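Report on the structure given below.
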């Protein structure tokens, strides 16, 4: 079916299906129904909660729910970390917050400005009193300070998502820029709970940042850590060397976090184990491509000769692995001429 016809069919179904029918299979939101499970998890003994996305590439099969997000309930309000990949998912996250507390959303921290983590901000802007959005200052190169100043990458991705994720992302979806930014590190307190934000990018993205909930020693890592799916390395802004330095920083944190919630995949009580899931993949791809570049082996031949069996069964392998390898091959090739 042509893309335009599929878009109109989905829109028609969303408009025509009775609410009672939708409710049996999905939760209706102002931005369209969400049919996927949206289970809320709690870190034991803490006021820290999170939801886990499906480990794959955003599409109609997962309704754009591929990333993780979470929140911390305090006596002074709720601190949210990331907002998910569609306005409907952001609204579902807000609904989950309201099931736990009636405290207002005090602020939202965004780990980095990629589509699968930010489109849900629209729901918080329109239905949660427009709480301030915090991000590392390099996010402004993508999101700008207003719709008029948003970068070309942001607009291209939004156009792509309006096709791939229609009707959950449509012509009414917009990018919410950060209200407040920080440079390398900042700390704040809400309701007597202390938080630390630390910039570890450019890594996966320029503004990659983590949030440590100090009083409970829980770490939200954003996409510095992928666990349970192939990481995405194929971006012009990705800095592999700095990414690896950021992973080393996490392993060296003292005290070590008791619990890590990654940007994608399953949480872990072991920082080293969580880091290894991402680092081992990056190191393996670099090793395979470095030898090929050193021996002047063409990329296609090098890629086909590499043993990808350890990763071939992971989510996002088919969509990301070849592009990841090619990106690293080109980077290493450029380095060889320096």
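The values are calculated or read from the model by the stated rules, or taken from the named source; none is laboratory data. Everything quoted here is computed from the prediction, not taken from an experiment. With ideal geometry, Cβ positions are generated from the backbone for all residues, glycine too; neighbour counts draw on all protein chains shown.
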Just need a number here: residues in region 57-85 that are assigned to a loop (DSSP other than H, G, I, E, B), under 23 Å from residue 207 (Cα atoms) and in contact with a helix residue (DSSP H, G or I) (Cβ under 8 Å, 6 or more places away or on another chain). 10
Only one of (1) crowded, with 19+ Cβ neighbours inside 10 Å; (2) touching a strand residue (DSSP E or B) at 6+ places or on another chain (Cβ under 9 Å); (3) within 24 Å of residue 198 (Cα to Cα) fails for residue 316. Which number is that? (3)
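Report yes if residue 310 is exposed (fewer than 13 other Cβ atoms within 10 Å of the Cβ), closer than 30 Å to residue 50 by Cβ and touching a residue at least 12 places away in the same chain (Cβ under 8 Å), otherwise no. Outline the logic, then answer.
Values: exposed (fewer than 13 other Cβ atoms within 10 Å of the Cβ): yes; closer than 30 Å to residue 50 by Cβ: yes; touching a residue at least 12 places away in the same chain (Cβ under 8 Å): yes.
Yes; evaluated as a whole, the condition is true for this residue.
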Considering only residues of region 123-146 that are assigned to a loop (DSSP other than H, G, I, E, B) and out of contact with any strand residue (DSSP E or B) (no Cβ under 9 Å at 6 or more places or on another chain), which is surrounded by the most Cβ atoms within 10 Å (Cβ to Cβ)? 144
Qualifying position, being over 27 Å from residue 64 (Cα atoms), in contact with a helix residue (DSSP H, G or I) (Cβ under 9 Å, 6 or more places away or on another chain), at pLDDT 95 or above and not in a loop (DSSP other than H, G, I, E, B), among 293, 297, 260, 275: 293
Answer from 294, 316 - the residue that is within 23 Å of the chain's Cα centre (by Cα) and in contact (Cβ under 8 Å) with a residue 40 or more places away in the chain: 316
Of residues in region 50-73 being without any contact (Cβ under 8 Å) to a residue 60 or more places away in the chain and more than 16 Å from the chain's Cα centre (by Cα), the one farthest from residue 219 (Cα to Cα): 61
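Within region 74-91, how many residues are crowded, with 23+ Cβ neighbours inside 10 Å, over 21 Å from residue 185 (Cβ atoms) and touching a residue at least 60 places away in the same chain (Cβ under 8 Å)?
Residues of region 74-91 crowded, with 23+ Cβ neighbours inside 10 Å: 78-91.
Adding the requirement that they be over 21 Å from residue 185 (Cβ atoms) leaves 78, 83-91.
Narrowing further to those that are touching a residue at least 60 places away in the same chain (Cβ under 8 Å): 85-89, 91.
Selection size over region 74-91: 6.
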Restricted to region 104-122, and to residues that are surrounded by fewer than 24 Cβ atoms within 10 Å (Cβ to Cβ) and over 23 Å from residue 171 (Cα atoms), which residue is nearest to the chain's Cα centre (by Cα)? 107
